[in-house]
Protein chains: 2
Amino acid sequence: MGLTKTDNFTTEQNELAAFAKALGHPARVAIIEYLSSQNDCVCGSIVDAIPLAQATVSQHLKELKNAGLIQGNIEGNSICYCLNPEKWKKFKQMLEPTFTHIEQPVCC
Amino acid sequence: MGLTKTDNFTTEQNELAAFAKALGHPARVAIIEYLSSQNDCVCGSIVDAIPLAQATVSQHLKELKNAGLIQGNIEGNSICYCLNPEKWKKFKQMLEPTFTHIEQPVCC
DNA sequence: ATTCTTTATCGTAATATTGCAATAAGACAA
DNA sequence: TTGTCTTATTGCAATATTACGATAAAGAAT
């Protein structure tokens with residue numbers, strides 16, 4: 001198969017999975033970390049910062065954009081990729097119950 | 001290819017990606033949500049709660065275990081799968097910089 | 001010992017992902 | 001227009017993932 005059965009799960013579960021999946025590759029983690037630490041969002045800078053070919057980085061950026069974790073804005077000659085605060089807030093909020101749950105002692 | 005170039009990235013980046021990837025499927029999200037909300041960790045209960053075949057759920061549990069997000073303990077006749085607090089704390093901690101970053105105004 | 005219950009593994013088919021070279025597409029400059 | 005710079009897309013090969021039936025493995029119960 002290889003086809004995820006999304007119908008069996010809630011919209012929220014699918015959305016959280018989509019966020020997590022988008023972050024589930026070290027190159028995409030590196031892109032997000034770059035955008036979180038640098039005051040620089042130019043696509044070319046990201047490509048330079050990630051040790052993969054331009055075509056590959058572009059593909060990863062597309063996946064992050066599809067998941068909604070980043071958004072692209074035209075900035076003169078190039079494109080500025082920024083974090084999407086709304087989506088990240090939602091991501092955080094959906095993880096919160098588990099983050100809270102692990103504060104109490106484990107069951108076994 | 002289909003082969004992730006992990007060598008190009010830091011251990012931390014790879015670990016965060018592994019956590020996220022493990023959570024990147026609605027069935028595994030559902031499993032984690034079940035363990036976060038129920039005081040029940042018995043493998044059989046998880047299988048019943050997830051609308052997929054037993055073999056498939058077992059496979060998803062294995063992936064969560066490989067990533068370290070859950071741990072399995074023998075509990076009499078069955079197996080108890082619990083969240084691994086240490087790993088979840090690390091996961092949370094690694095996401096923190098981005099969660100913090102989105103609190104300030106976006107660059108564009 | 002045999003049977004039942006519970007969980008893991010194997011085998012297989014279908015689909016998805018990763019990576020890159022080559023190339024296209026778009027905006028700007030001269 | 002022609003060229004240049006920046007980013008996206010295409011095409012392809014290699015590998016990974018998803019799903020499930022069948023079956024194995026290990027312990028409990030009879």
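Which residue, of B:Leu23, B:Leu83, is of a type in the set (A, V, I, L, M, F, W, C), within 15 Å of DNA strand C (Cβ to nearest atom) and either touching a Phe, Trp or Tyr at 6+ places or on another chain (Cβ under 6 Å) or at negative phi (or both)? The unique qualifying residue is B:Leu23. If you check B:Ser37 against the conditions, is it closer than 22 Å to A:Phe91 by Cα and at pLDDT below 95? In short, yes. Inspect segment B:1-12 for any residue being more than 8 Å from DNA strand C (Cβ to nearest atom) and at pLDDT below 95 and give the result as yes or no. Yes - at least one qualifying residue is present in segment B:1-12. Within this structure, A:Pro97 fails the test of being within 7 Å of another protein chain (Cβ to nearest Cβ), more than 10 Å from the chain's Cα centre (by Cα) and within 9 Å of DNA strand C (Cβ to nearest atom).
The values are calculated or read from the model by the stated rules, or taken from the named source; none is laboratory data. Quantities reported herein were computed from a predicted structural model and do not represent experimental measurements. Glycine gets a Cβ as well: all are built from the backbone with ideal geometry, and neighbour counts include every protein chain shown.
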